[in-house]
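Structure, as structure tokens:
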Amino acid sequence: MALRFQNSLSRRKEVFEPLEAGKAGLYTCGPTIYNFAHIGNFRTYIFEDLLKRYLRFRGYEVTHVMNLTDVEDKIIRTCRETGQPLAAITGRYARAFFEDCETLGIDPADHYPAATEHIDDMVAIIRALREKGHTYEANGSIYFRLKSFPGYGRLSHMDLEQLAEGASGRVDSDEYETEDARDFALWKAWSEEDGEVYWETELGKGRPGWHIECSAMAMKYLGPSFDIHCGGVDNMFPHHENEIAQSECATGKPYVKYWLHSAHLVVENKKMSKSLGNFHTLRDLVEKGIDPLAIRWVLLATHYRQPNNFAFDAIDAANQSLSRIRDFRLRLAEVKGPGDDLAEACEACETAFTEALDDDLNISGGLAAVFDFIRDVNKRVDGGLIGADGAKNALALLDKLDSVTGVFAPPTEAEAPQDVIDRVMARQQARRDKDFARADALRDELLAEGWIIEDTPDGPRVKRT
Ligand code: AMP
Ligand code: ZN
């Protein structure tokens, strides 16, 4: 079967046929960098990571663009409230975002354009829209006239008439001058509240609206028409509708072929969000001693279009799954001698995994195929049926599938937290000092916490038990 995605535009599963054979242009709405991202945001970013990794696994050459929203109402408010310049705030939180992505094993995008570095591109689109009569000006700001785009509402399946006046989502306080409450600002004239945040352009002194940022950066790096655009489902309207309207009116070309939207990470049936205060940042959880890989597992393992409920017992279950895979790896590493090479079992597992993920990234099906394989191979190891070749093939299969999931790798030394590493070093020192009682006590203490020290010719290595 071919690779299929549920396209929000058609609300159907469609076979993925990229605009250019073998390639995939992917744009994902990035973070607004005025604060730490919470793990709800990371649910979406991990779905997008899975999508990209799977496209690559299926042989597509992917170009992934994720923007950084570094000028926007909430950031400007933060500047005002803290008295800090824009770049100080966005610089700090961009770094934090990249650190968090690395902690969660998210593969970096090919481009991370920042809005403030693409003002000229936004101005060019607004100019084109103005020339084609899609805009009007009020008090120095420039608005997009929704009624000038009959296709509006195609993505969220609402017609213009259904969009009651005043229902245009993120309605900004400075949008009260619009002719129609559904219209949105492309360019916002400077007001005192904006302080130092403005650009002097042919459109006047001001700053871009949020929606135009994404259109400009997507089309700059992927062209006027590209394959896949993603975001959380809350971005569908008005953000993505607005992106379609302004992009298609400016270029006269279809903007995006496949729109994929992830459902939310929820806590007791409510969207995890900063405004509700029901959120965890990644850092909070890691500080509590939670393995980032277990967090990745929880965010990954529910199908992206199903709401994913966050609870600490889900972390426990994820840890158990991780342990099963790690135990399996350790067990295979000890298999020696002749026996079954597992070629058939490996092929069957890879086929089942691929069939599941081909079906709109059915990750639960993919993980189930891997656990079936583990159960089957464990039985055969119990029976002494597996040879060294079989163990090698099974480990190679896990590595191959891990290029998609990012949760099957063996734990590395780098994953041990600093306090564990400190105690391993202290144990080394105790051994050098011939204080074996202390060395053994440290070893036992770490063992009790689930860390095993292996003494190798290259020095000690610490692993999860
Ligand atoms: P924001 O910084 O609010 O623009 O959000 C960045 C990305 O995270 C967007 O794609 C949102 O749709 C997504 N997002 C925000 N909250 C959640 C949540 N609770 N679950 C999943 N995705 C979310
Ligand atoms: Zn966006």
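Under 15 Å from a point 7 Å along the Cα-to-Cβ line of Arg58: which residues of region 249-266 have their amide N that close? Output list for this probe position: 257-261. Relative to the longest principal Cα axis of the chain, at what angle does helix 86-103 sit, 0 to 90 degrees, rounded to 10? Rounded to the nearest ten degrees, it is 30. Applying 0.36 nm per residue to the separation of Met1 and Asp110 and subtracting their alpha-carbon distance, the gain on full extension is 36.3 nm. Computed from Cα atoms, the angle from the helix 73-82 axis to the main principal axis of the chain rounds to 80 degrees. Modelled label positions at Arg283 and Asp389, each set 7 Å beyond Cα in the direction of Cβ, lie 5.3 nm from each other. Rounded to whole numbers, the Karplus 3J(HN,Hα) couplings from phi for region 194-209 are 7, x, 7, 8, 6, 10, 8, 9, 4, 8, x, 8, x, 8, x, x Hz, using 6.51 cos²θ - 1.76 cosθ + 1.60 with θ = phi - 60°, and x at Gly and Pro. For the chain, what does the relative contact order come out to in percent, with C-alpha contacts under 8 Å and a separation of six or more? Answer for the chain is 16 percent. Each Cα pair under 8 Å and six or more residues apart adds its separation to the average, and for region 1-149 the resulting relative contact order is 21 percent. To put it simply, the accessible area of region 282-405 at a 1.4 Å probe is 50 percent carbon and sulfur.
Taking a ≥ b ≥ c as the square roots of the eigenvalues of the alpha-carbon gyration tensor, region 418-464 is classed oblate because a/c is 1.5 or more while a/b is no larger than b/c.
Helix 363-382 and the longest principal axis of the C-alpha atoms of the chain enclose an angle of approximately 10°. In the chain the Cα-Cα distances spread across 20 Å bins starting at 0 as 22, 49, 24, 6, 0 percent of all pairs.
Do any of Lys74/Lys147; Lys271/Lys463; Lys392/Lys434; Lys132/Lys188; Lys23/Lys205; Lys400/Lys463 go past 30 Å between their Cα atoms, and which? Checking Cα-Cα distances, Lys271/Lys463; Lys392/Lys434; Lys23/Lys205 exceed 30 Å. With a Förster radius of 60 Å applied to the C-beta separation of His157 and Asp433, the computed FRET efficiency comes to 0.25. The length gained on full extension between Tyr136 and Val15, counted as 0.36 nm times the residue separation minus their Cα-Cα distance, comes to 39.6 nm.
Taking all protein chains together and a 1.4 Å probe, the residues Asp389, Asp107, Asp358 rank Asp389, Asp107, Asp358 from largest to smallest accessible area. Of the whole protein surface, Lys132 contributes about 110 Å² of accessible area at a 1.4 Å probe radius. Let's test the formula: R0 of 25 Å, r as the Cβ-Cβ distance of Gln418 and Ser323. What FRET efficiency results, to the nearest 0.05? The pair Gln418/Ser323 has a calculated efficiency of 0.65. For region 308-361, taking Cα atoms only, Rg and Dmax work out to 15.8, 46 Å respectively.
At an R0 of 30 angstrom, the distance between the Cβ atoms of Arg95 and Lys336 translates into a FRET efficiency of 0.05. Here the accessible area is traced with a 1.4 Å probe on the protein chains. For region 1-137, carbon and sulfur cover 46 percent of it.
Label sites at Ala343 and Thr456, each approximated as a point 7 angstrom past Cα along Cα to Cβ, lie 3.1 nm apart.
Dividing the alpha-carbon radius of gyration of region 4-262 by 2.2 N^0.38 Å (N being the number of residues), what value is obtained? That works out to 0.98 for region 4-262. Going by accessible surface with a 1.4 Å probe and the largest first, Lys205, Lys336, Lys220 read Lys336, Lys220, Lys205. What a 1.4 Å probe finds exposed on region 418-464 is 50% carbon and sulfur by accessible area, rounded to a whole percent.
Adding -39500 (n - 2.57) for every DSSP H run of four residues or longer, then dividing by how many residues the chain holds, sets the calculated 222 nm ellipticity at -14000 deg cm²/dmol. Annotation note: trypsin sites (Lys or Arg not before Pro) in region 1-46 located in DSSP loop regions with a Cβ neighbour count of at most 12 within 10 Å are Arg11.
Normalised per residue, the accessible area of region 418-464 is 65 Å², obtained with a 1.4 Å probe and no contribution from ligands, DNA or RNA.
The values are calculated or read from the model by the stated rules, or taken from the named source; none is laboratory data. Because the structure is a prediction, the values reported are computed rather than measured. Using ideal geometry, Cβ is built from the backbone for each residue, glycine included, and neighbour counts are taken over all protein chains shown. Keep in mind that these areas ignore ligands, DNA and RNA; they rest on the heavy atoms of the full protein, side chains included. Shrake-Rupley method; radii C 1.70, N 1.55, O 1.52, S 1.80 Å.
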